[in-house]
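Some notes on the structure that comes next.
Only the coordinates and a few stated rules stand behind these numbers; no lab work does. Small disclaimer: the values here were computed from a predicted structure and weren't measured. Heads up, the Cβs are rebuilt from the backbone with ideal geometry, glycines too, and the neighbour counts pull from every protein chain shown.
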Ligand code: JHZ
Ligand code: ZN
């Protein structure tokens with residue numbers, strides 16, 4: 001812990017305590033090959049986390065340059081999960097009802113491969129997707145989506161407003177926490193959101209992260225972990241008010257937030273979550289200290305398990321080369337000497353190597369044939385979808401879950 005004064009990027013208060021989590025690579029920066037060219041100069045940064053005891057925001061302090069994280073080699077393609085497709089289709093159907101098809105348009109910030117906007121494009125709703133990573137924007141366009149490759153900030157909002165006018169609906173899913181300068185985004189949204197418009201944001205929820213005690217949701221692209229209090233602290237400065245929320249089990253527990261420029265009455269559900277956050281002491285630094293102790297316990301338990309099984313001569317693999325696992329693997333010092341490979345269905349990831357730990361990523365189609373003795377479920381948030389799929393493939397592995405604690409499950 002060091003006490004250098006950092007100010008909170010949400011509310012500008014001094015962050016009292018900064019916690020170090022060691023040298024980390026950028027979570028989605030997979031290595032194309034395992035040779036000196038890539039391993040010797042592999043970018044790493046000291047992951048330091050600050051917790052604001054005024055607005056509860058949890059944030060990475062020294063965020064790597066955004067171009068290092070979001071570029072033409074971005075590894076995450078959201079449409080790999082059928083379950084997430086359905087999840088976003090449901091949201092889309094509800095929002096279409098709020099739109100006048102002739103006059104309104106919907107803007108998505110962080111549109112990735114178009115998983116959310118595709119139904120809007122298919123039904124000829126006016127829409128625009130903005131994403132900073134060229135390769136996923138290219139895929140979105142191939143999916144018929146009107147998308148542009150840009151970092152979203154106040155300047156981008158001016159350019160969009162000049163072309164499209166103000167947006168009736170702005171949607172930001174699993175992206176707001178990627179953006180280091182959240183004030184710029186709030187200014188841009190204030191500039192672009194119609195006076196009778198709705199802003200919807202969804203991302204991993206601070207209380208859930210504290211509950212499962214896993215550091216996994218924090219990695220260089222998740223520069224913030226948000227709560228109702230910290231979002232309210234950010235947007236109220238721009239007269240954008242939080243009026244409702246909805247909780248989901250996706251990604252280990254996510255919160256969906258509804259904002260407006262109108263004085264819409266706060267729902268009871270929102271008030272309940274505000275109370276719940278206070279009751280769970282999210283402003284108390286001891287809550288974070290307890291969390292950090294849990295993180296150490298989880299990573300030690302996983303490390304000890306893997307080392308024991310490797311010593312016994314068992315084959316150990318992983319399933320889902322998730323960005324999240326980059327934190328656990330590097331933090332727990334579990335690398336390619338202990339894990340033979342990680343299976344994944346994402347074409348862009350297959351054949352590459354995990355950042356920092358250099359574990360080969362293999363095509364998930366090979367999984368049931370290879371049949372490793374133990375398989376660590378790194379894509380634990382897609383457990384049902386994956387275990388069902390591999391059950392049908394007659395896999396006989398033993399699944400290893402490690403959050404919130406170690407748990408073994410026989411595949412068949
Ligand atoms: P998944 C990414 O995190 C990064 P990650 C990002 N920052 C974020 O917040 C979330 O997504 C939204 C594979 N898989 O969703 C695909 C299979 O192989 O947990 C993915 O590589 N077979 C934007 O990376 C990985 O697992 C399958 O059947 O932590 C899951 O990654 C399924 C369902 C997935 O996100
Ligand atoms: Zn703050």
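On the Cα set of the range 207-271, report Rg and Dmax in Å, please.
For the range 207-271, the Cα-based Rg and Dmax read 13.1, 37 Å.
Using only Cα atoms, tell me the angle between helix 285-311 and the longest principal axis of the chain; keep it within 0 to 90° and round to the nearest 10.
30
Going by Cα centres, the range 55-118 and the range 391-412 are how many Å apart?
Rounded to whole Å, the Cα centres lie 30 Å apart.
Comparing 363, 103, 336, which has the greatest mean-square fluctuation in the GNM of the chain with Cα pairs linked when under 10 Å apart?
With Cα springs under 10 Å in the chain, the top fluctuation among 363, 103, 336 is at 103.
Which whole-number value in Å³ per residue fits the convex hull of the alpha carbons of the range 251-304?
On the way: hull volume 6.3 nm³, N = 54.
Spelled out: Cα convex hull of the range 251-304, divided by residues, is 117 Å³.
Compute for the chain: radius of gyration divided by Kirkwood radius, i.e. Rg/Rh, restricted to C-alpha atoms, rounded to two decimals.
Working: Rg = 21.2 Å, Rh = 22.1 Å.
Reported Rg/Rh (Cα atoms, Kirkwood Rh): 0.96.
If you take the square roots of the eigenvalues of the alpha-carbon gyration tensor of the range 262-412 and sort them as a ≥ b ≥ c, do you get rounded (a/c under 1.5), prolate (a/b over b/c) or oblate? Write out the running numbers ahead of the final one.
Working: a/c = 2.22, a/b = 1.69, b/c = 1.32.
Prolate.
Sorted by packing (mean other beta-carbon atoms within 10 Å per residue), highest first, where do 46-58, 254-266, 154-166 land?
Working: 46-58: 21.8, 254-266: 17.0, 154-166: 15.4.
Going by the mean number of other Cβ atoms within 10 Å, highest first, we get 46-58, 254-266, 154-166.
May I ask for the angle, rounded to the nearest 10°, between helix 182-192 and the longest principal axis of the chain, with both axes built from Cα atoms and the value confined to 0 to 90°?
Computed tilt is about 40 degrees.
Given the -39500 (n - 2.57) contribution per DSSP H run of 4+ residues, what per-residue ellipticity at 222 nm results for the chain, rounded to the nearest 500 deg cm²/dmol?
Numbers: 14 runs with 137 residues, N = 412.
When only DSSP H runs of four or more count, the value is -9500 deg cm²/dmol.
If I fit a long axis through the Cα atoms of helix 383-392 and take the longest principal axis of the Cα atoms of the chain, what angle between them do I get, 0 to 90°, rounded to 10?
Once rounded, the angle reads 50 degrees.
Which shape class applies to the range 303-367: rounded if a/c is under 1.5, otherwise prolate when a/b exceeds b/c and oblate if not, where a ≥ b ≥ c are the square roots of the Cα gyration tensor eigenvalues?
oblate
Sort the range 83-173 into rounded, prolate or oblate with this rule: let a ≥ b ≥ c be the square roots of the eigenvalues of the Cα gyration tensor; rounded if a/c is under 1.5, and if a/c is not under 1.5, prolate when a/b is larger than b/c, oblate otherwise. List each step's numbers first, then the result.
On the way: a/c = 1.69, a/b = 1.09, b/c = 1.55.
Oblate shape, in that a/c is at least 1.5 and b/c is the bigger or equal ratio.
Please state the equivalent ellipsoid semi-axes for the range 280-340: what are the square roots of 5 times the Cα gyration tensor eigenvalues, largest first, in whole Å?
Numbers: eigenvalues 163, 34, 12 Å².
Equivalent ellipsoid semi-axes, largest first: 29, 13, 8 Å.
Provide, for q = 0.18, 0.21 Å⁻¹, the log10 of I(q)/I(0) from a solvent-free Debye sum over equal Cα point scatterers in the range 62-221.
With one equal scatterer per Cα and no solvent, log10 I(q)/I(0) is -1.19, -1.57.
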